[in-house]
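**Student:** I'd like to ask some things about the structure below.
The values are calculated or read from the model by the stated rules, or taken from the named source; none is laboratory data. Bear in mind that the values here come from a model prediction, so they are computed numbers and not experimental data. Don't worry about glycine lacking a Cβ; one is built from the backbone with ideal geometry, like all the others, and counts go over all protein chains shown.
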Amino acid sequence: MTVADVLLLALGLVTVGSGALVVTSTHLVRAGLYLVVSLGAVAGLYLILGAELVAWVQVLVYVGAVVVLLLFAVMLTRAPIGPSADLDRPAWPAVLIGAGVGIGLTVLLADAFRWTRYALPEPGTAGRMGERLFGDWVLPFEVISILLLAALVGAIVLSRPDIGARRATGEPGDTAPEPAEAEIR
């Protein structure tokens, strides 16, 4: 075994272990932090495989943006930060499904490639990846950015207590403006 193989194995175990902690944790914030560890380990796997740009995009987009968005959503929606009884579920269904998917994918890939080792292709440069991303894939990139912006705006609107209170009590100000005195006479 080479050093790269040992590092791949260690980071794979960290990824799987922290992923298991994400789905079994009863603390929502701790689950988010375990997700940071898992996604960071995936970025480490990309670094070992020679895909530096993909690793840093993983860190910036997933570890930086998505997890921060998740934690902001937890704070804005006033979800319980401590242990929650809603999250206290048995772990055996997740373990059973995860093991089944893992075994199924192993069998599928082993059968597809017949245990043949292939040489990795030459890693792409940042310039070539940028040309592809902002040339061929610019529309999906922009659609995802608009979707994330809409989700953030929606979370902010839903977290404002004054709008929800006016709708619940039927107070004016949220729907139509009050008629002027001249219109009443």
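**Student:** Output the residues belonging to region 127-163 that are hydrophobic (A, V, I, L, M, F, W, C), in contact (Cβ under 8 Å) with a residue 24 or more places away in the chain and farther than 16 Å from residue 68 by Cα.
**Tutor:** Step one: of region 127-163, the residues hydrophobic (A, V, I, L, M, F, W, C) are 129, 133-134, 137-139, 141, 143-144, 146-153, 155-158, 163.
Those left that are additionally in contact (Cβ under 8 Å) with a residue 24 or more places away in the chain: 129, 148, 151-152, 155-156, 158.
Result: 129, 158.
**Student:** Quick one: how many residues across region 95-115 are in a helix (DSSP H, G or I) and more than 25 Å from residue 31 (Cβ to Cβ)?
**Tutor:** Within region 95-115, the first condition is being in a helix (DSSP H, G or I), and the residues that meet it are 95-113.
From what's left, more than 25 Å from residue 31 (Cβ to Cβ): 103-104, 106-113.
So the answer is 10.
**Student:** Then there is this: Output the residue which, of all residues in region 45-61 that are within 19 Å of the chain's Cα centre (by Cα) and β-branched (Val, Ile, Thr), is surrounded by the fewest Cβ atoms within 10 Å (Cβ to Cβ).
**Tutor:** Looking only at region 45-61, we keep the residues that are within 19 Å of the chain's Cα centre (by Cα), and these are 45-46, 53-61.
With the extra rule that they be β-branched (Val, Ile, Thr), the set shrinks to 54, 57, 59, 61.
On the way: 54: 18, 57: 17, 59: 18, 61: 13.
Taking the candidates together, the pick is 61.
**Student:** Select, from 42, 36, 22, the only residue that is under 23 Å from residue 89 (Cα atoms), surrounded by 15 or more Cβ atoms within 10 Å (Cβ to Cβ) and in contact (Cβ under 8 Å) with a residue 24 or more places away in the chain. Spell out the reasoning first.
**Tutor:** Details: 42 fails: under 23 Å from residue 89 (Cα atoms); 22 fails: in contact (Cβ under 8 Å) with a residue 24 or more places away in the chain.
The match here is 36.
**Student:** Here's something else I'd like to know. Report yes if residue 64 is surrounded by 12 or more Cβ atoms within 10 Å (Cβ to Cβ), free of Cβ contacts under 8 Å to residues at least 40 places away in the same chain, closer than 28 Å to residue 151 by Cβ and not aliphatic (A, V, I, L, M), otherwise no.
**Tutor:** Details: surrounded by 12 or more Cβ atoms within 10 Å (Cβ to Cβ): yes; free of Cβ contacts under 8 Å to residues at least 40 places away in the same chain: yes; closer than 28 Å to residue 151 by Cβ: yes; not aliphatic (A, V, I, L, M): yes.
Judged against the criteria, residue 64 is a match.
**Student:** Can I ask one more? May I ask you to verify whether residue 35 is outside the structural domain of residue 130 (by TED's automatic domain parsing) and under 12 Å from the mean Cα position of the chain (by Cα)?
**Tutor:** Details: outside the structural domain of residue 130 (by TED's automatic domain parsing): yes; under 12 Å from the mean Cα position of the chain (by Cα): yes.
It is true that residue 35 is outside the structural domain of residue 130 (by TED's automatic domain parsing) and under 12 Å from the mean Cα position of the chain (by Cα).
**Student:** Might you let me know whether region 18-29 holds any residue that is within 30 Å of residue 132 (Cβ to Cβ) and not assigned by TED's automatic domain parsing to the domain that holds residue 152?
**Tutor:** To start, the set of residues in region 18-29 that are within 30 Å of residue 132 (Cβ to Cβ) comprises 19.
Checking which are not assigned by TED's automatic domain parsing to the domain that holds residue 152 leaves us with 19.
For region 18-29, residues within 30 Å of residue 132 (Cβ to Cβ) and not assigned by TED's automatic domain parsing to the domain that holds residue 152: present.
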